[in-house]
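This report refers to the structure that appears directly beneath it.
The values are calculated or read from the model by the stated rules, or taken from the named source; none is laboratory data. Fair warning: this is a prediction, and the values are worked out from it, not measured in the lab. Reconstructed Cβ throughout: ideal geometry from the backbone, glycine too, with neighbour counts over all protein chains shown.
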Amino acid sequence: MKNKLGRIAAALLAAALLLAFVPGCVNDQKRSDVIYDCFDTVLTFTAFTTDSRAFDEAKKVFEEGFRRYHRLFDIYNEYEGEVNLAKVNDLAGETVKVPHEIAELLELGIECERLTNGRVNIALGAVISLWHGCREDAERDKAGARIPSDEELREAAKHCDIARLRVDTANDTVLIEDPLMRLDVGAIAKGFAADKVGEELKRFGFAFMLNCGGAVLASGNKPDGSPWVAGIDMPDSEGFAASVPVVDSALSSSGNYIRYFTVDGVNYGHIIDPDTLYPANIGAETVSVSVSYGSGYCAAYADALSTACYILDADKGLELISGIEGAEALFILKTGELRRSEGFPGE
Ligand code: AMP
Ligand code: MG
C-alpha cells in the first residue's frame, strides 16, 4: 500500500471527489483534518461543530482508527506484535487467530463475491499480485515495462477459489485452505474502514463527511439543513460529471484511468476482470463508475459494487444494481455519455 505513484494517483482521485460546502449556521464552523499515510491515498474528515475540543477528540478517533485499519488490512507489510492480512496470507494453509475486524472484513468479502456474481473476489490475490508486481516494476523502469505471461496468469488463477477461504467470526479464526491462495482486499477495505470509523464518529453528535480516496461517507446534514455533496470528476476534462448529495449514505467511485501502467501504448489498470485475468476495460467503454448505497456497511458495499460495475459493462452493471435494494450507479463512458440508474441522486 505504500508505493509513491500509487499514493499520488490516489490523491488525485480523492481530489476529484470535491466536497462542495454551503456555509453553516452562525456558530458552526467547518473543521477538517487530513492524513496521507493510510490506504495509499488521501483521507479527509470534515465536520461542522462549535466545539473545538470535541473536534480534536474526533480527529484522534479518525486518525487512530484509519491507521489501525490500515495496518490490519495491509497485505504488503507485517507489523511487529500484530496479526494483519499480510501475516494471514503468509500463513496460508494454517488456521490463524485474527483480530475480530479481520474476520468481519473477510466475511463481508465472501458476501460481496456472491453479491457481485464473482466480479469482486478477495481471493484473487495471486492474480492481482502479478499485475501489481508489473506495475511496480514499470514505475521503476518504464522502458522495461512488461505484463504477466498468460501462463503465469493461468497458473495463479488456479488458486483463487474463495470457497477455500474459511472464516469463523464467532472464534475469530481464518483458514486459507489453499497454501498458494492470497487475499487482496483493496476493493472493499477502504469502504469497510470508513464504515467502522464513521460508526465511532457518530457518538460526537455532529454532521461529518469522510472522503477516503474514492469512497465518501456522510452522516447527518450540514447545519443549514442541506446535504453534503460530492462532485464526480469527468476524467480528462475540467469540471464535474455530476454533483451527488450524500445523505447518511456512501458514494464510491472506481476507475482505471489514474492507477495504471503502460506497455506498448496500452494502459493496464489496477482492477482485474476475473474472467479474462486482465485489467478490466482495456480499450473498452467505461471510464469510471460511482455507486451510492445507504444501509448497513454502506461504504463497504458501495466500494465493492463500484469495483464490480467497473468490470461489468454499463448494461450488465446497471442490471446488477437494479437487483440490489438501495444501490444506484452512474457510469461515465469514454464517449462522455453518462448512464445512470433511475434513482441515482443528484444532477
Ligand atoms: P477499487 O479502487 O475499490 O475499485 O478497488 C481496486 C483494488 O481492488 C485493486 O487495486 C486491487 O487491490 C483490488 N482488485 C482488483 N480487481 C479485483 C477484483 N476483480 N476483485 C477483488 N479485488 C480486486
Ligand atoms: Mg471498490
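For the condition farther than 27 Å from Leu105 by Cβ and either within 16 Å of ligand 2 (Cβ to nearest atom) or of a type in the set (Lys, Arg) (or both), what is the one hit in Val291, Val287, Val263? Steps first, answer last, please.
Details: Val291 fails: farther than 27 Å from Leu105 by Cβ; Val263 fails: either within 16 Å of ligand 2 (Cβ to nearest atom) or of a type in the set (Lys, Arg) (or both).
When all the criteria are applied, what remains is Val287.
Restricting the search to the stretch 48-77, which residues are within 22 Å of Gly186 (Cα to Cα) and buried (at least 17 other Cβ atoms within 10 Å of the Cβ)?
Of everything in the stretch 48-77, those that are within 22 Å of Gly186 (Cα to Cα) and buried (at least 17 other Cβ atoms within 10 Å of the Cβ) turn out to be Phe62, Glu63, Gly65, Phe66, Arg68, Tyr69, His70, Arg71, Leu72, Phe73, Asp74, Ile75.
Among what's in the stretch 318-336 and is under 17 Å from the mean Cα position of the chain (by Cα) and without any contact (Cβ under 8 Å) to a residue 60 or more places away in the chain, pick the residue that is farthest from ligand 1 (Cβ to nearest atom).
It comes out as Glu328.
Counting only residues that are more than 26 Å from Ala218 (Cα to Cα) and touching a Gly at 6+ places or on another chain (Cβ under 9 Å), which one in the stretch 273-310 is nearest to ligand 1 (Cβ to nearest atom)?
Only one residue tops the list, namely Pro274.
Residues that are in contact with a His (Cβ under 8 Å, 6 or more places away or on another chain) and among the aliphatic types (A, V, I, L, M): which helices (runs of 4 or more DSSP H) entirely in the stretch 108-202 hold 1 or more of them?
Correct list: 125-140, 189-201.
Which of the residues spanning the stretch 256-299 are under 15 Å from the mean Cα position of the chain (by Cα), within 22 Å of Ala123 (Cα to Cα) and not in a loop (DSSP other than H, G, I, E, B)?
Hits for the stretch 256-299 are Gly269, Ile272, Cys298, Ala299.
Among what's in the stretch 225-243 and is of a type in the set (D, E, K, R) and more than 20 Å from the chain's Cα centre (by Cα), pick the residue that is farthest from Thr286 (Cα to Cα).
Glu238
Could you tell me which of the residues Pro274, Pro235 is within 30 Å of Gly144 (Cβ to Cβ) and modelled with pLDDT of 95 or more?
Every option except Pro274 fails the conditions.
Only one of Ala193, Ala189, Ala215, Ala230 is small (Gly, Ala, Ser), touching an Asp or Glu at 6+ places or on another chain (Cβ under 6 Å) and either under 30 Å from Leu130 (Cβ atoms) or within 16 Å of ligand 1 (Cβ to nearest atom) (or both). Can you tell me which?
Ala215
Go through the stretch 300-319 residue by residue and tally those that are away from ligand 2 (no atom under 14 Å from the Cβ) and in contact with a Cys (Cβ under 7 Å, 6 or more places away or on another chain).
So the count comes out to 0.
Is it the case that the stretch 10-28 has a residue that's in a helix (DSSP H, G or I), at pLDDT below 95 and loosely packed, with under 15 Cβ neighbours inside 10 Å?
Among the residues of the stretch 10-28, at least one is in a helix (DSSP H, G or I), at pLDDT below 95 and loosely packed, with under 15 Cβ neighbours inside 10 Å, which makes the answer yes.
Quick one: which of Gly323, Gly283, Gly336, Gly294 is surrounded by fewer than 21 Cβ atoms within 10 Å (Cβ to Cβ) and in contact with a Ser or Thr (Cβ under 7 Å, 6 or more places away or on another chain)?
Criteria check complete, one pass: Gly294.
Looking at the stretch 203-212, which of its residues are within 16 Å of ligand 1 (Cβ to nearest atom) and surrounded by fewer than 24 Cβ atoms within 10 Å (Cβ to Cβ)?
Result: no residue meets the conditions.
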